[in-house]
1. Check off (1) within 36 Å of the chain's Cα centre (by Cα); (2) at pLDDT below 90; (3) not aliphatic (A, V, I, L, M) for B:Tyr91 and give me the number that stays unchecked.
2. Give me the helices (runs of 4 or more DSSP H) completely within segment A:159-211, filtered to those with at least 2 residues that are within 14 Å of chain B (Cβ to nearest Cβ) and surrounded by fewer than 20 Cβ atoms within 10 Å (Cβ to Cβ), ordered by residue number.
3. Which one of these does A:Val306 not meet: (1) within 12 Å of another protein chain (Cβ to nearest Cβ); (2) more than 30 Å from A:Phe125 (Cβ to Cβ)?
4. Check whether at least one residue in segment B:159-176 is outside the structural domain of B:Ala390 (by TED's automatic domain parsing) and within 23 Å of B:Leu324 (Cβ to Cβ), and report yes or no.
5. Just one of A:Ile341, A:Ile281 is within 14 Å of chain B (Cβ to nearest Cβ), in contact with a Pro (Cβ under 8 Å, 6 or more places away or on another chain) and in contact (Cβ under 8 Å) with a residue 24 or more places away in the chain; which is it?
6. Could you check segment B:1-58 and list, in sequence order, the residues that are at pLDDT 50 or above, within 14 Å of chain A (Cβ to nearest Cβ) and touching a Gly at 6+ places or on another chain (Cβ under 9 Å)?
7. Taking interchain pairs and intrachain pairs at least six residues apart, which have beta carbon atoms under 8 angstrom, with the first residue in segment B:369-387 and more than 8 Å from every other protein chain (Cβ to nearest Cβ) and part of a loop (DSSP other than H, G, I, E, B) and the second among the aromatic types (Phe, Trp, Tyr) and surrounded by 17 or more Cβ atoms within 10 Å (Cβ to Cβ)?
8. Kindly check whether there is at least one residue in segment B:432-441 that is aliphatic (A, V, I, L, M) and either part of a helix (DSSP H, G or I) or within 15 Å of B:Val325 (Cα to Cα) (or both).
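The values are calculated or read from the model by the stated rules, or taken from the named source; none is laboratory data. Just so it is clear, the structure is predicted and the values come from calculations on it, not from any experiment. Glycine gets a Cβ as well: all are built from the backbone with ideal geometry, and neighbour counts include every protein chain shown.
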Amino acid sequence: MKSLKIKYIAAVTDNLVLLPEEMRESFDYIPKKLILNVGSWKREVNMGFSSELDRDTIGIQKNIFQKFSVPENLDYEIKIDGRNLCVGPVICYLVDTQRKYITHERLEKLEVYYKNYDVIKGIIFISAVDQINMVDKTIGGFFFGEDGWKEDIFTYPGVVYRKADIPDEVYQDLINHIGDRIFNSYFFDKYETSEILSTYPQLKEHIAVKKHQNTPFEFEVIMQKDRSMQWSCSGIIAGFGKSESMETNFLIVGYALSCYEALKTVFRMNEKDTFLKQQEIINICIEVCKAHEKAMGNYGELAIDVILDEEKNVWILEVNKTYDHRFPLYSINDTEMYYRIITKPFEYAKALAGF
Amino acid sequence: MQLLWQALEGRGEIVTQRYKIIADYTRVEFITLNPERISKSVTKNIKIAHVRFGIKCCEVKVAESREIEMDEILLSHEIMEELKIPEFLSYEMVFDKNNIIFGPYIGMLAEKKEERLKQIVENLKSYVYGYEEIGGAVLIFSEEGVDMDAQLIRGFVFNPESENWEEGIFAYPAAIFKKTGIRKKMRNQFHSLLGDAIFNSYVFNKWEAHQWLSCFEAVRKYLPDTVLYKQPADVKEFLNQHKSAYIKPIYGSQGTGILKLETKGDWFMLHFSQKGVDKEQCFKTQGELNDFLKNNLKAEGHIVQRTLNLIFTEESTIDFRLMLVKGGEGQWKDIGMIARHGVKGNITSNVSTGGRAEKAELTFKNIIHLSDEEVVSLRNKMSMIAKEAAFGLEKSGVSCGNLGIDMAIDAEGNIWIIEINNINPNHTIAIDAKDRQMFYRARLLNMLYAKRLAGFPKEV
């Protein structure tokens, strides 16, 4: 896919998009008019080629975007699909319910999510739910670029990655304009998880019952989708100690291991059995993720709490739709796993946006 | 196509339902299914079906019976014999219109010679460590064991109960995982009978890989300048431009037969390795060099490639082997990258010639001194480049599922693709790097991809 910059031009013809001469080959057939797509915004435009444009630049007539901005100095990917010219990706990360909670400190912590911006490209912006403008179909938000953070107004994006609750009215409006490209879509609860899993004979048998909940040893299986849009396991962390909440437990007991180490040391498994058991856990978790998606919508990441009983059978305790990405840092101090985890949601978002 | 899911009795593993196929001596040309176990929506109204195993197919009538065990299927004995279905295994079953497909039936073409296959057959067990997930019949065989006229194969099928290989004569499988080159006639027959269910289909050489990948913009910039050797003048011209060059045989792996040529003023220095010992030879004139090249190189049998100023430590130069494999979902997976630290002075960094291996991430951290964050970002970048190269090869027409991509980083931090191995990239390098998990994973994914090609994909 081509990566291009945008240049605003003052053109004689209204409503004009100019493509560099080199892009002529990208078309099987050259249409007179194109449908310009930015995020979920669309508009039919006149199209021409120009040899005066810099290579890898697309000229867009000023004023085409009126209610939102599409910054000039970014790298965008361009996709030509029939008469559609898609510029993107445009991704909105909804981190909170209200704009006032997005403080400087908060933004500083979020900078890490732009680490692989080079491979994502386009516009990734951070917003709160109350910045969504249903009248204009725009969202206010923050973009992190070369000059630091900038606040601006953006179009309804191609994809929403959300960690905050959205009021129904707003959610419906997003679904209406963006479609099923909001993840994680629905915030299910523990009861719904077991309801969903029990409809699958092969998963039903893995739902943990009361007697298992005192196991002093629990795995958190971090499942994510990446650019292949398929579920894979980004890491498994084993925690020790008896408690309801694994996370607080880590802080108190401060004892956790990677799944690999845990299986080898606690269960005394050999290399081969360790591999096969991890494989089994991952395969079950993939099925759990797929079951949740079938029943409830689009998910990009889920963290699944799993335990093993004395016979090393796998039991599912709970499925978490949000979790702290820094978990691998404070539990087993695995920075590589941490960076692997934080780069995946936007990779998936990009693929979901069609890029 | 619909997989028939059912859980096993009690607290079983999560697996697709598997069936024992029992020879039925009471009826001719019949398959008998237990309707309680098999979803009605799939089999409803089917009276005649094609039972398939491997490439073979038989027409049968369909009957139902509640008398037989839940995990059993009765199949008339003469059909069992015709299809050559091993009775000691359990199979998954796929319904596709009026086809009832038993499998997976996977073949692994592991060696050219039967003798050699017998020697290594035990080592190949690592491919079936994940048999629980693979299921069906796994046949390993040699090129010699194939009877193309009778369309039969002498080889070994894995028996999960005894955990041993059972020797015998079997029908052609539904998919072939090819780990060795075979003659074209056999390749063509396999493709005629199995369609595209073969990987790796074609063994490309270094020059082909270079030429083909040069067509892809996203890959081209990572390929070092390379020309095909036709005559000594090609080397002369290349040295005028680059001062030094590698001369590599277009076939060949593990660094065998690689020469390094440098200009030193008017002289030419040649470095090469002979029986594991590094040697040097000096040519004082262009004429001497040309004579050497004429005597030792075959036209179009070698490439001339730019040398790279690779990252190195005091003891060694370093390059990387990235393992790219497809699994049951049919997507490329980067399952790990190993850094190979060659012996200093050696012109290659192959572990087979005395080097050492470790996970690339360790080398990035300890030798290039990258932060954790930089490690992940460099690793991701190399992964993406490797995948682009794999897509390029597929678009060029090679069906592959098991690649070893040799990459390097030069002193300026540029990434290079040095070579791509598609015939049988060595997974044991993961063990050299003390990562058995990676080794197991490579082997299991290979088999799950073969399973997919055999008609039993992992549902996504």
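1. Condition (2) is where B:Tyr91 drops out.
2. A:201-204
3. Answer for A:Val306: the failing condition is (1).
4. Checked against the condition, which is being outside the structural domain of B:Ala390 (by TED's automatic domain parsing) and within 23 Å of B:Leu324 (Cβ to Cβ), segment B:159-176 yields at least one hit.
5. Every option except A:Ile341 fails the conditions.
6. B:Thr16, B:Arg18
7. That search, which allows pairs on different chains as well, returns B:Leu370/B:Phe364.
8. Yes.
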